[in-house]
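Novice: Please read through the structure below; I'll follow up with questions.
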Amino acid sequence: MSPIRIVFFTGAGISAESGLRTFRDSDGLWEEYRIEDVATPEAWARNAELVLRFYDLRREQVLKASPNAAHEAIAALEDSFHVQVVTQNIDDLHERAGSSRVLHLHGEILKARSTADPSLVFPVNGPHLRTGDKCPKGSQLRPHIVWFGEEVPLLMPAAALVAQADVLVVVGSSLQVYPAAGLVHSAPAQATIHLVDPNTVSAQGVRFTHWKEKASLGVPKLAQFLRKTYT
Ligand code: NAD
């Protein structure tokens, strides 16, 4: 086992080829919805039914989707390296590909949590979460998602993981969604940084090698490069 620690920081782009659309690519709309209408605390207060319907649709899609070659290549690297995934994604495709260390910065679509006590988190059985679905304390359940405008509770633990990286690999993230995007600045000065994304991505003050390819091609190639270089 190589002593090299690899941290993968993944965004919506890694799941695009599994059929889950990113929203930066579609004019700021997320599957035809405006973010302000479905993914903010204000939206929840205004129209919880609409928010639940939106996440039900996302959950249905995730349940139908499968991991692609990029998720699989990351999981396979665990045979030779200490691999940590920090993902902005709310899907479970890293876990289903076999990754054993996955931190979800923005929550998990297949879980719900109590609106009275955020420590009460439950699996959602099936695709639907309804108004009237309550926690044992009698409060409405909400999607276990970090909405825009909310604090990111796992930001500090994620930064601590990135700070231990010998190699940091960013996959499929526009690096526009803060504070998550700022995590690249937590990498140690001597860490090598790679980016896999078919489009131009700018991260001020960060020097990286850009693998300008879709994740399903670029990540397996990069994985091969890491094996050759470090084992
Ligand atoms: P983003 O939508 O801002 O950016 C997506 C990035 O992926 C872009 O840079 C784009 O060039 C790149 N991309 C597109 N196709 C790709 C491919 N085939 N391979 C590799 N890269 C590709 O995504 P983000 O930076 O992750 O931020 C969006 C936020 O929206 C996230 O924080 C996440 O919570 C949420 N989101 C999640 C999912 C999901 O869970 N699958 C899907 C959409 C949005």
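The values are calculated or read from the model by the stated rules, or taken from the named source; none is laboratory data. Values in this document were obtained by computation on a predicted structure and should not be read as measured data. Counting neighbours? That spans all protein chains shown, and the Cβs are built from the backbone with ideal geometry, glycine included. Note: accessible area is taken over every heavy atom of the protein model, side chains too, but ligands, DNA and RNA are not part of it. Shrake-Rupley method; radii C 1.70, N 1.55, O 1.52, S 1.80 Å.
Novice: Between Pro157, Pro123, Pro127, which is modelled with pLDDT under 95 and either touching a strand residue (DSSP E or B) at 6+ places or on another chain (Cβ under 7 Å) or assigned by TED's automatic domain parsing to the domain that holds Leu57 (or both)?
Specialist: Just one listed residue meets the conditions, Pro127.
Novice: I've got another one for you. Would it be correct to say that Ser114 is away from the ligand (no atom under 12 Å from the Cβ) and closer than 28 Å to Lys64 by Cβ? Full working, then the answer.
Specialist: Values: away from the ligand (no atom under 12 Å from the Cβ): yes; closer than 28 Å to Lys64 by Cβ: yes.
So Ser114 passes the test.
Novice: Continuing with this model, one more query. Would you be able to tell me the number of residues in the range 169-184 that are modelled with pLDDT of 95 or more and either more than 17 Å from Asn89 (Cβ to Cβ) or more than 15 Å from the ligand (Cβ to nearest atom) (or both)?
Specialist: Final tally of qualifying residues: 0.
Novice: I need a count of the residues in the range 74-95 that are under 17 Å from Pro220 (Cα atoms), surrounded by fewer than 21 Cβ atoms within 10 Å (Cβ to Cβ) and within 13 Å of the ligand (Cβ to nearest atom).
Specialist: Total satisfying the criteria: 0.
Novice: Are any of the residues in the range 150-167 more than 17 Å from Gln88 (Cβ to Cβ) and within 16 Å of the ligand (Cβ to nearest atom)?
Specialist: no
Novice: Also: If a residue has to be open to solvent by less than 30 Å² (accessible area, probe 1.4 Å) and either of a type in the set (Gly, Ala, Ser) or touching a residue at least 60 places away in the same chain (Cβ under 8 Å) (or both) to count, how many in the range 144-159 make the cut?
Specialist: The qualifying residues number 4.
Novice: Sticking with this one: Filtering the range 89-113 down to residues that are of a type in the set (A, V, I, L, M) and outside any loop (DSSP other than H, G, I, E, B), which residue is nearest to Glu72 (Cα to Cα)?
Specialist: Out of the qualifying residues, it is Ala97.
Novice: Residues of the range 160-191 being surrounded by fewer than 19 Cβ atoms within 10 Å (Cβ to Cβ) and outside any loop (DSSP other than H, G, I, E, B), which ones?
Specialist: Ala160, Ala181, Gly182, His185
Matching residues to (1) closer than 17 Å to Ile145 by Cβ; (2) hydrophobic (A, V, I, L, M, F, W, C):
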| position | (1), (2) |
| --- | --- |
| Met1 | no, yes |
| Glu17 | no, no |
| Leu29 | no, yes |
| Arg34 | yes, no |
| Thr40 | yes, no |
| Ala43 | yes, yes |
| Val86 | yes, yes |
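Novice: Shifting gears a bit: From the list Leu20, Leu77, Leu57, Leu63, exactly one residue is at pLDDT below 95, hydrophobic (A, V, I, L, M, F, W, C) and assigned to a helix (DSSP H, G or I). Which is it?
Specialist: Step by step, each of Leu20, Leu77, Leu57, Leu63 is checked, and only Leu57 is at pLDDT below 95, hydrophobic (A, V, I, L, M, F, W, C) and assigned to a helix (DSSP H, G or I).
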